[in-house]
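Only one structure is covered here, and it is reproduced in the block below.
The values are calculated or read from the model by the stated rules, or taken from the named source; none is laboratory data. Quick caveat: nothing in here was measured; it's all calculated off a predicted structure. Please note that ligands, DNA and RNA were not included when accessible areas were found on the heavy atoms of the full protein model with its side chains. Shrake-Rupley method; radii C 1.70, N 1.55, O 1.52, S 1.80 Å.
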Amino acid sequence: PEIQEEIYRKDDRLLALLKDVYVESRDPPAQVKDQGGEYLPCKHEEKRLTKLGHLEALDVKKVPKGKISIVEALTLLNNHKLHPHIWTAEKIAEEYSLELKEVTSLLEFFIPFSIQEFPTESRKAI
């Protein structure tokens, strides 16, 4: 209760000091310099065309180097799952312009699932 009283108590001296404070702020005038047609340097990312095959209409056409699109990620994960001896981490890194460490992590932690359908005669046993 003592702390509550202290919180809600008005301090007239502090209130008077706050009323005396006046802050005025002005920005310096903006100066535009004409550099004779020079352009500001901008960050230019090197892009590559995506490798999508028959799914080309579903995804973006260009991505920055070192990145992949969702459809490409699913495609390379599926290729690695079906043919791991052909689609190794090194080949995927080279094919999609990725770092080997990132591809290794991708293949380790993102595994596409597969659906298995059991024949009708074995369903009774399950």
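The table for this structure:
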read-out: For VAL63, residues with placed amide H under 5 Å, excluding near neighbours; value: ARG48, THR50
read-out: Ratio of the Cα radius of gyration of region 74-125 to 2.2 N^0.38 Å, where N counts its residues; value: 1.56
read-out: Solvent accessible area, Å² - ASP11, 1.4 Å probe, full protein context; value: 70 Å²
read-out: Amide H partners (placed H, <5 Å) of TYR96, local residues excluded; value: none
